[in-house]
Amino acid sequence: MPFSSLTDPVDLARAGAALEAAWTAIKVQQPEIDEKERERLAFIVASLAPLAMDEEDLAKRAAEKFRS
């Protein structure tokens, strides 16, 4: 479970929103991407959550790391 390390409800909500935003941005550029890659993105979001300023920052960082 990607978000199991997050215990604060606010952090969980922020991570969930960031995951959705990042996934949407990635799907726009790569519409053929496999849904299985979403789980990889979720783990990236979870790993970056403590470092991000807000959910926009988290989504941006996660999408960048996913693409690299």
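All of the numbers you see were taken from the coordinates with simple rules; none came from a lab. Model, not experiment: these values are computed from the prediction. Because the Cβ atoms are built from the backbone with ideal geometry, glycine has one as well, and the counts that use them run over all protein chains shown.
Assorted remarks:
- Whichever residue in the stretch 27-51 is surrounded by fewer than 19 Cβ atoms within 10 Å (Cβ to Cβ) and hydrophobic (A, V, I, L, M, F, W, C) and, among such residues, is farthest from Phe3 (Cα to Cα): Val28
- Total residues in the stretch 49-67, condition assigned to a loop (DSSP other than H, G, I, E, B) and of a type in the set (A, V, I, L, M, F, W, C): 2
- Search result, residues across the stretch 1-14 that are more than 11 Å from the chain's Cα centre (by Cα), of a type outside the set (A, V, I, L, M) and surrounded by 11 or more Cβ atoms within 10 Å (Cβ to Cβ): Ser5, Asp11
- Scanning the stretch 15-25 turns up no residue that is loosely packed, with under 11 Cβ neighbours inside 10 Å, in a helix (DSSP H, G or I), without any contact (Cβ under 8 Å) to a residue 12 or more places away in the chain and not hydrophobic (A, V, I, L, M, F, W, C).
- Some residue of the stretch 39-48 being part of a helix (DSSP H, G or I) and touching a Ser or Thr at 6+ places or on another chain (Cβ under 9 Å): yes
- Total residues in the stretch 3-37, condition touching a Leu at 6+ places or on another chain (Cβ under 8 Å) and not aliphatic (A, V, I, L, M): 3
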